[in-house]
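Data first, discussion second: the structure below is written as structure tokens.
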Amino acid sequence: MTIARVDLPPRGPAARGPRGGGGRNDSAPLRRRQRRRSRLTALAFVAPLIAYLVAFYLYPLYRNLDLSLRDYTVRSFVAGDAPFSGWDNFRAVLDDPEFGPALRHTMTFTFVSIAFQYAAGLALAVFFNRHFRLAPTLRALFLVPWLLPLIVSASTWSWMFNSESGVVNYALQLVGAAQVGWLTSPGWALASVIIANIWIGIPFNLVILHSGLQNIPTELYEAAALDGASAWQQFRRITFPLLRPVSAITLLLGLVYTLKVFDLIWIMTKGGPGDASSTLATWSYQLGFGTLLPKFGPGAAVGNILILIALVFGLLYIRVQRRQEA
């Protein structure tokens, strides 16, 4: 007797159609959904940062540029119908006799501050690089000026430099020296705010430069000592050259930060007496908010000039950073 063969349908992935549950084509939509979900998750994490940048950086920059290109008054500022004036505000600012002194004071304040901040910060960083028992404690104490609110530091220095009851003039009186009108004399007002700013900025330079010193191999100093190199020769031949990339970043960051210092100068001298300590930052504030008839357009123009100067140095910092990474 012959048994007829019955062919059963094949099993496995080949028997399933293109939409089968385990086919290769079925996993492609799954992967696309996973990628889409990952992108949405990443966007959800980035969205608060984007909203923050737009609300507190892009929009204020746009509004400041709009202010500088229009003829705003108090009424038109409220109504929002200021006429377009183009570059008239910038021309008015550049032709103003106060622009030259403000720019000169800004450059003097910036470059003198960062020069002394860097020199003092480097000296302290080299000193604390020597491992002795009290080094961590003393280094932490030197961070206090950096941690204090700026209004507290400025108010303290304003009291110390007070012509009548300040501790600085009292110390000068004890040694028989003549008292100085630190905040009231046109010849000393700018120097006073520079001294205060140097004191505030030294800890930043100390921290950055000390971290750079930690990356210099100690074997180089040991080899130099065996060759008879003095401490100054080790600093000049090893420390300073190898610290140059960190020094460049420290100076550029300090430059960008110091250009826009406003609160310290305003609390101590308000840019005075006269315009003896006025900078672009304080002059911009005075134009926009310092009088009963504010000049919003010229004040914003001065602010944009200051932003442009800081942007130039910021781009320089990015270029230096890319060179170091290359």
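A short reminder: the numbers here are calculations on the coordinates, not readings from a lab. This is a predicted model, so every value here is computed, not measured. Methodologically, a virtual Cβ is constructed for each residue, glycine included, from the backbone with ideal geometry; neighbour enumeration extends over all protein chains shown.
Quick one: dipole size for the chain, taken about the Cα centre, charges +1 on Lys/Arg Cβ and -1 on Asp/Glu Cβ, in debye to the nearest 20. Can you show the working numbers first?
Numbers: 29 positive and 16 negative charges, 498 e Å.
The calculation lands at about 2400 debye.
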Query raised in the report: the stretch 171-226 to the stretch 69-145: how many Å between their Cα centroids?
Result: 17
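What Kirkwood radius, in Å to one decimal, follows from the Cα pairs of the chain? Write down the numbers at each step before the final one.
On the way: mean 1/r = 0.0396 Å⁻¹.
That comes to 25.2 Å for the chain.
Based on the mean of other Cβ atoms within 10 Å per residue, sort peptides 127-133, 277-283 so the most packed one is first. Each step should come with its number before you reach the end.
Numbers: 127-133: 11.4, 277-283: 26.0.
Going from most to least packed, we get 277-283, 127-133.
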Query raised in the report: Once both labels are modelled 7 Å past Cα along the beta-carbon direction, what's the TRP87-ALA177 spacing in nm?
Result: 4.8
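Ranking request for peptides 193-202, 221-230: highest mean number of other beta-carbon atoms within 10 Å first, then the rest in descending order.
Numbers: 193-202: 22.5, 221-230: 11.8.
The packing order, highest mean first, is 193-202, 221-230.
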**Report entry** Estimated FRET transfer efficiency when R0 is 22 angstrom, pair TRP146-PHE111 (beta carbons, to 0.05)
**Finding:** 0.60
Report summary line: One quarter of the C-alpha convex hull surface, i.e. the mean projected area of the stretch 117-265 in nm², amounts to 11.4
Query raised in the report: What residue among PRO29, PRO101, PRO294 has the largest mean-square fluctuation in a Gaussian network model of the chain, using Cα springs under 10 Å?
Result: PRO29
Query raised in the report: Taking the Cβ of TYR285 as the center, what net charge do the other residues with Cβ under 14 Å away carry, scoring Lys and Arg +1 and Asp and Glu -1?
Result: 0
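Only helices at least 18 Å long along their axis, Cα-based, and averaging 1.0 or more on Kyte-Doolittle count here, so list those DSSP H runs from the chain.
Working: long enough: 24-53 (43 Å, -0.46); 99-128 (43 Å, 1.20); 189-213 (36 Å, 1.75); 244-259 (22 Å, 1.48); 296-325 (42 Å, 0.95).
Long hydrophobic helices here: 99-128, 189-213, 244-259.
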Report summary line: Amide H neighbours of ARG70 at under 5 Å, excluding residues fewer than 5 places away on the same chain, with H built from the backbone geometry, are SER85
